[in-house]
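Below is one structure, written out as C-alpha cells; comments come after it.
We did not get these values from a lab; they are worked out from the coordinates using the rules stated. Computed from a predicted structure; not experimentally measured. Quick reminder, even Gly has a Cβ in these numbers, built from the backbone with ideal geometry, and neighbours come from all protein chains shown.
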Amino acid sequence: MKMSPVKLQMPYITYLNFAEHIVGLLCQVITIVLITILLLIYNFNVDLLKVKTFSRSMIFYLCVHLFCAILGIPHLIYKVFWWRPLENEATNSAYDPYLLFWTGLPELSYMALAPFCVLYLIIDRCLALRLINNQTHKLLFYMAVLIACLIYSSSLGIYIAELPLNLNKVSRCELASCLMLKYRNILQLSAKMVIGTLNVIFCLVFLYILEKSGKGKNLKNRVVKYTIALEILFNVLPGYSAVIFNVITGTPSSAYIGEFALVFCSMDAAICSAIYLRLFLKQKNTATVCITTQMVVKFLLIRLARIWGN
C-alpha cells in the first residue's frame, strides 16, 4: 500500500533553510580562501608570519577544515542555486532526494568531525606546556589522524546505512538530515556531544596549566583560547540542545529551526580562520593580504552568480 507523504518540516522552514544555506556557503568560501592563504604563506613565505613553525595540531586543524569545507561546497551550492520554495503541502521539494543525500554526506560528517580537531589542539597544547618531547607529539599526531579517519568513515557508513531512501516519506525534504529516518543523526550528534564535553574538560585543564606556567600571553596559547571559546559557543552548546531535543521529541530539531548546527560549524571555521590569519600575520602585511582575500572572495562569488544565472 502506498504511503502518503509525511510532513517533516514547518511551512516557514523553507525560507529559513535558504537563508542558512547562503550563510553556510559564504562561510565555507571564506574558510577555504583564508586557510589556503595561510597555508601558502606558511609553506612559501614564512617570514610574513609572527611564528616560524606551526604545531602539528594546528596544521591538522587547518587541513581538516580545508578538506571538509571543499567537500561540503557542492552540497551548499546545490541547496542554494537549486532552491525553490515549497508553495503548498502537496508540493515536493525541488531537490532530488538522492543527490541531496550523496552531496550531503561530507557536510554532515564534517559536523561530527570538527569538535575532535579542537580536542586534539587542546591536548597538544597541554602537552607542549608540560612536556618537551617531539616523539610524544608525533605519536599523538598519528593517533589523531587515525581517530579522525575513523570518525569520518564511521559517520559516512552510518549515513549510507540509511539506503534505500523511503521516497514516500522524504519527497518534501529540503535538508540532508531530513532524509535520515533510521538513526535520525542521533549517533553523530551523540559523538559530537561526547567530544564537546571532553573539550570543555580539557579546556579547564589547559587553562589551569596555562595559569601555572604563566604563558597566557604566548601567541599560540592565545590562538587556542580563541578556538576553545568559539567551539563552546558554536558547537558544544548547540550540540547539547540538538541531542536533547532529538531524544525528547523523536524529531530532528532541523525540522523546526533548520540545520543550525551545520551553519554554526561553518561560522566557527570561518571566524577561526580570520582570527588565525589576523594573529599570525605580521601587522605590516595584513592590509595586502586583506585586499588579496577580498579579491579572491569577490571572484568566487561572481563565478557562483554566473552559475546561478545559467
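Some observations on this one:
- Multiplying the residue separation of Y183 and K52 by 0.36 nm and subtracting their alpha-carbon distance yields 42.6 nm.
- Hits among aspartates and glutamates - C-alpha to C-alpha of K182 under 16 Å, sequence gap 8 or more where chains match: E162
- Quotient of Cα Rg and 2.2 N^0.38 Å for the stretch 135-289, N being how many residues it contains: 1.28
- Selection of chymotrypsin sites (Phe, Trp or Tyr not before Pro), the stretch 33-102, meeting DSSP coil and at most 14 other Cβ within 10 Å: W82
- Hits among aspartates and glutamates - C-alpha to C-alpha of K169 under 16 Å, sequence gap 8 or more where chains match: E89, D96
- Loop chymotrypsin sites (Phe, Trp or Tyr not before Pro), the stretch 129-179, which have at most 11 other Cβ atoms in a 10 Å radius of their Cβ (DSSP): none
- Inter-probe distance in nm under a simple model that places probes 7 Å from Cα toward Cβ, at I22 and L237: 2.5 nm
- Amide H partners (placed H, <5 Å) of L49, local residues excluded: K282
- Pairs beyond 26 Å (Cα-Cα), from K52/K138; K220/K282; K50/K138; K192/K212; K50/K192; K192/K225: K192/K212; K50/K192
- Working note: Karplus 6.51/-1.76/1.60 with θ = phi - 60° gives the stretch 70-83 the couplings 5, 5, x, 4, x, 5, 5, 4, 4, 5, 7, 7, 10, 6 Hz, where Gly and Pro are set to x.
- Label-point separation in nm, I201 to I147, each point 7 Å along Cα→Cβ: 1.1 nm
- Once the Cα-Cα distance is subtracted from the 0.36 nm per residue extended length, the I248 to I160 segment shows a gain of 29.2 nm.
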